[in-house]
Amino acid sequence: MHETSIVNSIVKTLEMEFEAKKLNKMKAIFLKVGKLSNIEPRLLHNAYTAKYPCGTKFHHVQLHIESTEIKIQCEFCNHITKVQNYRFLCEKCEKPSKNLIQGEEMLIHKVEFDD
């Protein structure tokens, strides 16, 4: 279950970015996870909950995960297309494209704190 190591990486990133005093006021983490990222949002949420049960360091911090669509940019006409049913075809000129511009990411999009 690689989601556990992803949770560890997220927390390490936040600990490097913010002071301990600020982390104690953290109330929510917002992630963007691409459909091609090989990360299952439900399993990531379960790994987070298992790592931080009630009474532990970040148990009060909510984890929000947004799944992002797959998008390509056509090499011929430059049009951006939202991929449907894993068909990597430009919706404008109908040519195939492998120029992926969204869908593989795993980003810490936003962090909320109690002020």
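Nothing in this text is a laboratory measurement; each read-out follows from the coordinates by a stated rule. Bear in mind that the values here come from a model prediction, so they are computed numbers and not experimental data. As a convention, Cβ positions derive from the backbone with ideal geometry for all residues, glycine included, and neighbour counts pool all protein chains shown.
Tabulated values for the structure
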{"item": "Filter result (among the aliphatic types (A, V, I, L, M) and either in contact (Cβ under 8 Å) with a residue 60 or more places away in the chain or in contact with a helix residue (DSSP H, G or I) (Cβ under 8 Å, 6 or more places away or on another chain) (or both)) within the stretch 12-40", "result": "LEU14, LEU23, MET26, ALA28, ILE29, LEU31, VAL33, LEU36, ILE39"}
{"item": "Count of the stretch 69-83 residues which are out of contact with any Ser or Thr (no Cβ under 8 Å at 6 or more places or on another chain), in a strand (DSSP E or B) and of a type in the set (D, E, K, R)", "result": "1"}
{"item": "Search result, residues across the stretch 46-92 that are of a type in the set (D, E, K, R) and over 17 Å from ILE10 (Cβ atoms)", "result": "GLU69, LYS71, GLU75, LYS82, ARG87, GLU91, LYS92"}
{"item": "Count of the stretch 25-47 residues which are of a type in the set (Phe, Trp, Tyr) and part of a helix (DSSP H, G or I)", "result": "0"}
{"item": "Given (1) touching a residue at least 60 places away in the same chain (Cβ under 8 Å); (2) surrounded by fewer than 12 Cβ atoms within 10 Å (Cβ to Cβ), number of the condition LEU100 does not satisfy", "result": "(2)"}
{"item": "In the stretch 48-89, the residues that are out of contact with any Gly (no Cβ under 9 Å at 6 or more places or on another chain) and hydrophobic (A, V, I, L, M, F, W, C)", "result": "ALA50, CYS54, PHE58, VAL61, LEU63, ILE65, CYS74, PHE76, CYS77, ILE80, PHE88, LEU89"}
